[in-house]
Amino acid sequence: MVEKYLLLTPGPLTTSETVKQAMDFDYCTWDDDYKKITQSFRQSLLDVAQVNADEYTAVPIQGSGTYGVESVISSTISANDKLMIAINGAYGKRISEMADIYGINHVDLVVDEREPITLELVTEYLDKYPDITHFAMIHCETTTGVLNPIEDIIPLVNARGIVTIVDAMSSFGGVPINVKDNKIDYLISSSNKCIQGVPGFSFVIARKNVLEATKGTARTLSLDLYDQYAEMEQNNGKWRFTSPTHVVHAFYEALQELAQEGGVVARHQRYVNNQKHLAGGMEELGFKVLIDEKYQSPIITSFIYPSDDFDFHEFYQELKSDGFVIYPGKISQVPTFRIGNIGEVYDEDITKLLVAIKEIINR
Ligand SMILES: *Cc1c(COP(=O)(O)O)cnc(C)c1O
């Protein structure tokens, strides 16, 4: 048995006891009661997205978050389309890799990982490539913790008649997003991030008329978003293939707990408080935050190594033995490590973490 610890990573993250208990039964994947659970959480996701079921649908896809993104990229963009990807981190790059694999025509706007994507840069690109039909970007770039300003960018991109795709994997449920007002056609997230469930599936909030026009576009069978949608609609919430039944029940419980907490607004406030406490406390201990406060998300924070001889591995191991698991950095320009503050993580946990870090660095 491994020692227990608090996950300070951006998903999978620490879940509540009751979310874990919801998995303590072997549920049937096609039974009517189970289909009701699926239909119910699909509706709850639309509520979180602040949209209604006449215009939008929520479609779960088995697999981790990447599978949901790949489902959108591989099954909704045709050979005649052209995709623009705005990239300022590993998750934007991942979409570009997908486009390469499927032979999708694409142009990449690549921005320094420490900076946000801006409307100016996006507009410049769109003017340069007037044949762009689809646009994809990341909301919270978990690579660094930058929160990209989708609300400035997406409505104006969509106003040009371009289909908009937002990977809101690490922000949906933890940062308020009005999907309709922001003119998002496809938003992707997963079970194990700010909704605070366990890993096992992703989901797409899709504008119905846009999704319905993609029938027959898929390049794979299992990631066919339209087909999964059609099956769920025709068959009252039936997944096409075996679904992660335990994960779905945990997710259903997690959505109820999100509502009990006071919804996304209250959860966002808790995350903001956690992040500010964390960043402020770390700065007092001599660690510098990588990202400008203006673009810093309330999800995950990158800290620059305090000295050239800083041994992250040793720091990680010591923190782990104190009951905290953190995350290595992921960028090339500066050596960093990351600490997430989402999940069942409260102010007192941040206090304890800072005490543990202080002890380690003063040893
Ligand atoms: C977590 C995450 C993903 C998906 O990662 P998986 O490991 O496949 O779950 C995609 N995009 C962003 C921004 C993420 O934070």
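The values are calculated or read from the model by the stated rules, or taken from the named source; none is laboratory data. Model, not experiment: these values are computed from the prediction. Cβ coordinates were reconstructed from backbone atoms using ideal geometry, including for glycine residues, and neighbour counts include every protein chain displayed. SASA here: full protein model, heavy atoms, side chains in, ligands and nucleic acids out. Shrake-Rupley method; radii C 1.70, N 1.55, O 1.52, S 1.80 Å.
Considering the range 299-314 alone, what residues qualify as being touching a residue at least 12 places away in the same chain (Cβ under 8 Å) and either small (Gly, Ala, Ser) or open to solvent by 10 Å² or more (accessible area, probe 1.4 Å) (or both)? Within the range 299-314, Ser302, Ile304, Tyr305, Pro306, Phe310, Phe312 meet the criteria.
Let me confirm something: among Leu45, Leu8, which residue is at negative phi and within 16 Å of the ligand (Cβ to nearest atom)? Of Leu45, Leu8, the one residue that is at negative phi and within 16 Å of the ligand (Cβ to nearest atom) is Leu8. Determine whether Gln317 is assigned to a helix (DSSP H, G or I) and free of Cβ contacts under 8 Å to residues at least 12 places away in the same chain. It is true that Gln317 is assigned to a helix (DSSP H, G or I) and free of Cβ contacts under 8 Å to residues at least 12 places away in the same chain. Find all pairs meeting these conditions: Cβ atoms under 6 angstrom apart; at least six residues apart or on different chains; first residue within the range 48-73 and under 15 Å from Val166 (Cβ atoms); second residue within 16 Å of the ligand (Cβ to nearest atom) and not aliphatic (A, V, I, L, M). Close Cβ pairs satisfying both conditions: Val48/Gly173; Ala58/Phe203; Gly65/Ser190; Gly65/Ser202; Gly68/Ser202; Val69/Asp167; Val72/Tyr186. Taking the criterion of being at negative phi, open to solvent by less than 10 Å² (accessible area, probe 1.4 Å) and within 16 Å of the ligand (Cβ to nearest atom), the residues of the range 168-182 that qualify are Ala168, Ser170, Ser171, Phe172, Gly174, Ile177. Only one of Gly237, Gly216 is touching a residue at least 40 places away in the same chain (Cβ under 8 Å), on the phi > 0 side of the Ramachandran plot and outside any helix (DSSP H, G or I). Can you tell me which? Exactly one residue qualifies, and that residue is Gly237. Scanning the range 66-81 for residues that are within 18 Å of Ile184 (Cα to Cα), of a type outside the set (A, V, I, L, M, F, W, C) and within 12 Å of the ligand (Cβ to nearest atom) yields Gly68, Glu70, Ser71. Flag not set for Glu55, criterion: open to solvent by 50 Å² or more (accessible area, probe 1.4 Å), within 13 Å of the ligand (Cβ to nearest atom) and charged (D, E, K, R). Examine the range 191-205 for a residue that is more than 16 Å from the ligand (Cβ to nearest atom), in the same structural domain as Asn52 (by TED's automatic domain parsing) and either surrounded by fewer than 16 Cβ atoms within 10 Å (Cβ to Cβ) or under 15 Å from Leu46 (Cα atoms) (or both), and state whether such a residue exists. No, there is no match, as no residue in the range 191-205 is more than 16 Å from the ligand (Cβ to nearest atom), in the same structural domain as Asn52 (by TED's automatic domain parsing) and either surrounded by fewer than 16 Cβ atoms within 10 Å (Cβ to Cβ) or under 15 Å from Leu46 (Cα atoms) (or both).
Answer with yes or no whether Ser75 is touching a helix residue (DSSP H, G or I) at 6+ places or on another chain (Cβ under 6 Å), buried (at least 23 other Cβ atoms within 10 Å of the Cβ) and modelled with pLDDT of 95 or more. So Ser75 fits the description; yes. When the criteria are applied in full, Asp108 meets the requirement of being open to solvent by 10 Å² or more (accessible area, probe 1.4 Å), free of Cβ contacts under 8 Å to residues at least 40 places away in the same chain, closer than 25 Å to Leu147 by Cα and not polar (S, T, N, Q).
Which residue out of Ile95, Ile73 is under 24 Å from Lys208 (Cβ atoms), touching a strand residue (DSSP E or B) at 6+ places or on another chain (Cβ under 6 Å) and of a type in the set (Val, Ile, Thr)?
Just a single option satisfies the conditions, and that option is Ile95.
Of the residues making up the range 255-298, those that are of a type in the set (Val, Ile, Thr) and either within 19 Å of the chain's Cα centre (by Cα) or open to solvent by 70 Å² or more (accessible area, probe 1.4 Å) (or both) are Val264, Val265, Val272, Ile291. Restricting attention to the range 124-142, the residues that are surrounded by fewer than 24 Cβ atoms within 10 Å (Cβ to Cβ) and either within 10 Å of the ligand (Cβ to nearest atom) or outside any loop (DSSP other than H, G, I, E, B) (or both) add up to 5.
Within the range 82-97, the set of residues being open to solvent by 10 Å² or more (accessible area, probe 1.4 Å) and either within 16 Å of the ligand (Cβ to nearest atom) or closer than 14 Å to Arg219 by Cα (or both) comprises Ala90, Tyr91, Lys93, Arg94, Ser96, Glu97.
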